[in-house]
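Laboratory data are not the source of any read-out in this text; all were calculated from the coordinates shown. What you see is a predicted model, and the numbers here were worked out from it, not measured in a lab. All Cβ positions, glycine included, derive from the backbone under ideal geometry; neighbour counts span all protein chains shown.
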Amino acid sequence: MRSFSYVSAPDVESALTAIASEGAKFLGGGTNLVDLMRERIEQPETIVDISRLPLTEIEELPDGGVRIGALVRNSHLAAHRVIRVRYPVLAQAILHGASAQLRNMATVGGNLLQRTRCLYFYDEAAPCNKRVPGSGCGALGGFARNTAILGTSEHCVATHPSDMAVALTLLDATIEVESSRGTRRIPIADFHCLPGETPDVETVLAADELITAVELPPVPVARNSRYRKVRDRASYAFALVSVAAALEVEDGVVRTVRLALGGVGTKPWRAREAERVLTGTPATADSFRQAADAELAAAVTLPDNAFKTGLAQRTIVATLRQLTEGSPA
Ligand SMILES: Cc1cc2nc3c(=O)[nH]c(=O)nc-3n(C[C@H](O)[C@H](O)[C@H](O)COP(=O)(O)OP(=O)(O)OC[C@H]3O[C@@H](n4cnc5c(N)ncnc54)[C@H](O)[C@@H]3O)c2cc1C
């Protein structure tokens, strides 16, 4: 690991001052950044430790939404009563990620910004346009079982790894960020970027911007929501496919539905086409299958990851059936 300076920021103002120095990076729980520093993928000059900032509250908002401080630990958020009752999909998504020890350290801000687990991103000897822009993509023509089928480009097929971000995408969360230029609020749908020609640009966040909070709007349908994750091991593994879903059925007809996917997209994937197809149709397995197929029609597969199309379809159907029938998770 390359040597670096360490600054512990006591308040937001000093964090913003410290991050202005060339090559500085924030440190939340450190569970991703420190690994990347060990692998020499990230080589910051200065680490600005923000773990002491007073951004650790979960507050109910007057409109029925919830404001979550950026330094709330993942385990705390998943255990919070209001989250478990009003947004069960979020609590479940977090609990499907990493391990209890990691969730105790990981923060909301850091989770949103965790970097891909693509094998070629981690392999210094391999080309990777995300790690070294212009070097090529080792996954194309390489071992690509864990790569994306939605939102890919000829320059990158890496998936976004976060489970939490998939649930936040379903919930239309807003991300609040602060810098010396002031505060801005970014809808999560606009926060993560598609790889296009610049896979190294992963979010719209500037290097000197601090995530201060995530806000959830009131989402009544989310009371009936679920997160289902398919992976190679039952725990401590990233998603091959995951589905976040919220559903309201009235007289056998789908009144409201929200769907988001993980493990298949280059960013947390809101399945808007599936939502459009499903709304107003009978809540049956056939309709669920048709909606899934409509979304997955845009999939671009490689020989190694082609299985994800069928797996995603079946996982969407199974999750919606669970929500319709009220069977246990
Ligand atoms: C073995 C292992 C298994 C895992 N399995 C899963 C899994 O199954 N599912 C899953 O979703 N995740 C998984 N994770 C990833 C884990 O969820 C992330 O490492 C964690 O959420 C990152 O949060 P952090 O606070 O530790 O981030 P850090 O490592 O501190 O930071 C990550 C990035 O965010 C930046 N940052 C942090 N906070 C802020 C802020 N407030 N404002 C601006 N920038 C900020 C940092 O500069 C850095 O670039 C796994 C991790 C490990 C090590």
Worksheet entry | Residue order, fewest to most surrounding Cβ atoms within 10 angstrom, among Thr319, Thr212 | Thr212, Thr319
Worksheet entry | Estimated vicinal HN-Hα couplings, Hz - region 255-264 in sequence order (Karplus 6.51, -1.76, 1.60; Gly, Pro = x) | 8, 9, 9, 10, 9, 9, 10, x, x, 10
Worksheet, complete the sentence: With Cα coordinates, the longest principal axis of the chain makes an angle with the long axis of helix 307-325, in degrees rounded to 10, of 70 degrees
Response to the item:
Of all trypsin sites (Lys or Arg not before Pro) in region 153-226, the ones in DSSP coil with at most 13 other Cβ atoms within 10 Å are Arg181
Practice prompt. At a Cα cut-off below 24 Å, give the lysines reachable from Lys308, other chains included and same-chain residues fewer than 8 away excluded.
Written response: Lys130, Lys229, Lys267
Worksheet item: Over what distance in Å are the Cα centres of region 76-130 and region 254-292 separated?
Response: 23 Å
Worksheet item: So how far apart, in nm, are the two label points at Met1 and Ala125 if each is 7 Å from Cα heading toward Cβ?
Response: 2.4 nm
Worksheet item: In degrees, nearest 10, range 0 to 90: what is the angle between the Cα axis of helix 285-296 and the longest Cα principal axis of the chain?
Response: 40 degrees
Discussion item. Given the -39500 (n - 2.57) contribution per DSSP H run of 4+ residues, what per-residue ellipticity at 222 nm results for the chain, rounded to the nearest 500 deg cm²/dmol?
Written reply: -8000 deg cm²/dmol
Fill in: region 1-95: GluC sites (Glu not before Pro) in DSSP coil with no more than 10 other Cβ atoms inside 10 Å
Glu22
